Amino acid sequence: MAYSEKRLIGFSRDEMFNVVSNVSEYHHFVPWCRSSTVTHEHESSQIATLEIGFPPFMEKYTSRVIYIKPSVVHSVVIENDNLFRTLDTTFRFGKGNPSVVRSCTLHYDLVFEFESAFHSRIAHLFFDKVVKTMVSAFLLRAEKMYGPPEFPHSPPQVLQYKS
């Protein structure tokens, strides 16, 4: 499964980078994330273990998160208990409207594939909701941290959708 979108948003690159790169806070605002622990941190990367799901379906996985401030946060699963065959997420923050300081172009890319047929079937049922909810969660977190956006976010331009 794959999904990509881009949109102009009313937060700065730095603001969005700070929200997305702060993986240890995900359990406070990312849907279905029950815990998020950074186990190793380096200058431009971290290793984080996340627990996702809802009872009775709870799963853990470990990701390597690489970032280039204030432009990119890229996460890839490096260890899991046969949950994901692939999970690759990238947030890119490009230049926004030149006349508005608090703006950027958000690019969101998600590619994932489950190991089990059971998880894949469930994911197909909820794929639309998951991708729409994920980006919204980060935008709402930015609003909570930095106040309302400078202007209403543009609707997403879907670049890729493969369920």
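Things worth noting here:
- Residues (open to solvent by 30 Å² or more (accessible area, probe 1.4 Å), outside any helix (DSSP H, G or I) and touching a residue at least 24 places away in the same chain (Cβ under 8 Å)) located in segment 9-31: Phe29, Pro31
- Lys60 being buried (at least 16 other Cβ atoms within 10 Å of the Cβ), basic (Lys, Arg) and within 22 Å of Lys132 (Cβ to Cβ): no
- When restricted to residues that are part of a strand (DSSP E or B), of a type outside the set (Ser, Thr, Tyr), farther than 22 Å from Glu15 by Cβ and open to solvent by 70 Å² or more (accessible area, probe 1.4 Å), segment 35-57 contains 3.
- Within segment 129-154, the set of residues being exposed (fewer than 13 other Cβ atoms within 10 Å of the Cβ), basic (Lys, Arg) and either under 15 Å from Thr89 (Cβ atoms) or at pLDDT 95 or above (or both) comprises just one member, Lys144.
- Condition check for Arg7: out of contact with any Cys (no Cβ under 9 Å at 6 or more places or on another chain) and charged (D, E, K, R): yes
- Candidate set: segment 1-51, residues that are of a type in the set (Val, Ile, Thr) and under 13 Å from the mean Cα position of the chain (by Cα); chosen: the one farthest from Pro155 (Cα to Cα): Val23
- Qualifying residue in segment 81-93 (condition: in contact (Cβ under 8 Å) with a residue 60 or more places away in the chain, farther than 14 Å from Leu110 by Cβ, crowded, with 16+ Cβ neighbours inside 10 Å and within 16 Å of the chain's Cα centre (by Cα)): yes
The values are calculated or read from the model by the stated rules, or taken from the named source; none is laboratory data. Everything numeric in this text was worked out from a predicted model, so none of it was measured. Note: ideal-geometry Cβ built from the backbone for every residue, glycine included; neighbour counts use all protein chains shown. Quick note on the areas: whole protein, heavy atoms, side chains included, nothing else; ligands and nucleic acids left out. Shrake-Rupley method; radii C 1.70, N 1.55, O 1.52, S 1.80 Å.
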